[in-house]
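Worksheet: the structure to be examined is printed underneath.
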Amino acid sequence: MQSVLIVEDSPMVLKILKHLAQKTLNYNLVFAESRHEAVKHLVKSSDWLAAIVDLNLPDAANGELVDDCLSQGIPTIVLTGSVDKEKRDHLTKKGIVDYVLKEGPFSYLYAVNLVNRLAQNRFVKVLVAEDSKVTRRYMIELLRRHLFQVVEAEDGEQALQTILSDKEIKLLITDNNMPKLDGFDLVHQLRHKHGKEDLAVIGLSSAEDKYLSAKFIKNGANDFLYKPFSHEEFFCRVMQSVESMERLDAMKKLAYSDVLTGIGNRRYFVEHARASLEECQNQATPISLALFNIDHFRHVNEDYGDDVGDEVLIHLAKAMQETFDRFIVGRLGGEEFCVVFPGLTDDKTSQLVDFFRTKIEEGYAETTVGSVSYTVSAGIAQSATLGLEGLMKSAGQALFRAKEAGRNIVMIASEN
Ligand SMILES: Nc1nc2c(ncn2[C@@H]2O[C@H](COP(=O)(O)OP(=O)(O)OP(=O)(O)O)[C@@H](O)[C@H]2O)c(=O)[nH]1
């Protein structure tokens, strides 16, 4: 586990920092009250995520411990009692992550939360699209200081191709005046494919035109920065854009997942299945769909109670996700689940679904009252022309026949 170093000589402030850090940070926390004590910890370990360091310590009155941490490559957040332009410029030039004024619990919470933010930034890939090498290098250095993964592009066309080929890019910082494709057109083209929940965009320009920011935002950017910008403004905008994108993404995930089982819900399923069906039909690729239903599920609820019934549903959802991990799986509601198999004919799907049916029949759900055995039936449909509703109806009719034929059976729809 990585470590976080927190150094503060005031017992009162250290107590607050300890309390907040222990509540918020899931890392090995190392506390010290002086440079001497901190350096002893620094030599013992090399795996530091970050350090929160008081600028003025009794045995390091001129920020010497900040230099110690930075020289070991540790992202460092500085605590200070006061700041003026000169001190701020000095600290920024040193390469600190940020400084925090010792104003009260909120500022200490900011410092602690910043450590968590740094840890998350390691998984956020940022593309810097800027034709000026100097400005590009400057932004890349600032972003790396906050532990972002960074890729770069020197014109709009290169930026577009990079984003289209790398789904991991979550933030684009783009200049407006670039060769081949300008920032406006770049954002405009990207927004056809990427919503604000999966790509945040910050526009940049040094132009005098005060309407540029509104124009960029109307074109789909989340935010805008005029050059030259301060290091602090840059980070405030970056953080805000990344965090609002993460919130949107979390909301979307909630809206698309089934509360009980955690797999995709009906909305998720219908949206993804419809898109996949259209794509396969346009490309004349086979696609089939299977509708699943637990047999006599009412008896499970009656015999063991609804909570155990819920555990069986969770077991089935997990098993489906494992077996059909390459396909689109969703819980439509109750004990009904559906899977879409792009690229598979109904015969191939039938083999796969029957393998799954046998697996469920031979296994059991491990529940709070012990093992519960159950079986499933499924109906399968394939069509080169039917829409999703038609395909689901057809699979539903096959499922009905499977139930009538005695359950624990897979049936293929007779007419597609
Ligand atoms: N525990 C639990 N039960 C649910 C949930 N949603 C639906 N059910 C129950 O699922 C059962 C469905 O029963 P029926 O439609 O009669 O079907 P069945 O008993 O599975 O019988 P067949 O489908 O004909 O094999 C009902 O008892 C519902 O109350 C849920 O989220 N949790």
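Since every read-out is calculated from the coordinates, none of them should be taken as a lab result. For clarity, every value in this text was computed on a predicted model and none was experimentally measured. Reconstructed Cβ throughout: ideal geometry from the backbone, glycine too, with neighbour counts over all protein chains shown.
Taking 7 Å steps out from each Cα toward its Cβ at R88 and A214 produces label points 2.8 nm apart.
Full extension of the chain segment joining D303 with T358 gains 17.5 nm, where the gain is 0.36 nm per residue of separation less the Cα-Cα distance. Distant-in-sequence amide contacts of S288, defined by a placed amide H-H separation under 5 Å and a gap of 5 or more residues or a different chain, comprise F341, G343, L344. Distance from the C-alpha centroid of segment 276-313 to that of segment 1-51: 50 Å, rounded to the whole angstrom. Computed from Cα atoms alone, the Kirkwood hydrodynamic radius reported for segment 320-416 is 14.1 Å. Taking segment 41-73 and a reference point 7 angstrom along Cα→Cβ of L29, the backbone N atoms nearer than 16 Å belong to 49-54.
A dipole drawn for the chain from +1 and -1 charges on Cβ atoms has a positive end, and of G334, S394, F31 the residue lying farthest that way is F31. Put a plus charge on the Cβ of each Lys and Arg, a minus charge on the Cβ of each Asp and Glu, and nothing anywhere else: the dipole of segment 238-304 about its Cα centre is then about 160 debye. Applying a length cut-off of 20 Å (Cα extent along the axis) and a mean Kyte-Doolittle floor of -0.5 to the DSSP H helices of the chain leaves 105-121, 231-256, 306-323, 388-404.
Rounded to the nearest 0.05, the FRET efficiency derived from the C-beta distance between Q149 and D249 at R0 = 22 Å is 0.80. Placing +1 on each Lys and Arg Cβ and -1 on each Asp and Glu Cβ, with no other charges, gives the chain a dipole about its Cα centre of roughly 520 debye.
Put a dot 7 Å past the Cα of E279, heading toward its Cβ, do the same for E141, and the two dots end up 4.2 nm apart. Counting only Cα atoms, the size of the chain along its three principal axes is 84, 57, 31 Å, in decreasing order. Contact order for the chain, expressed relative to its length and based on alpha carbon pairs under 8 Å spaced 6+ residues apart, stands at 9 percent.
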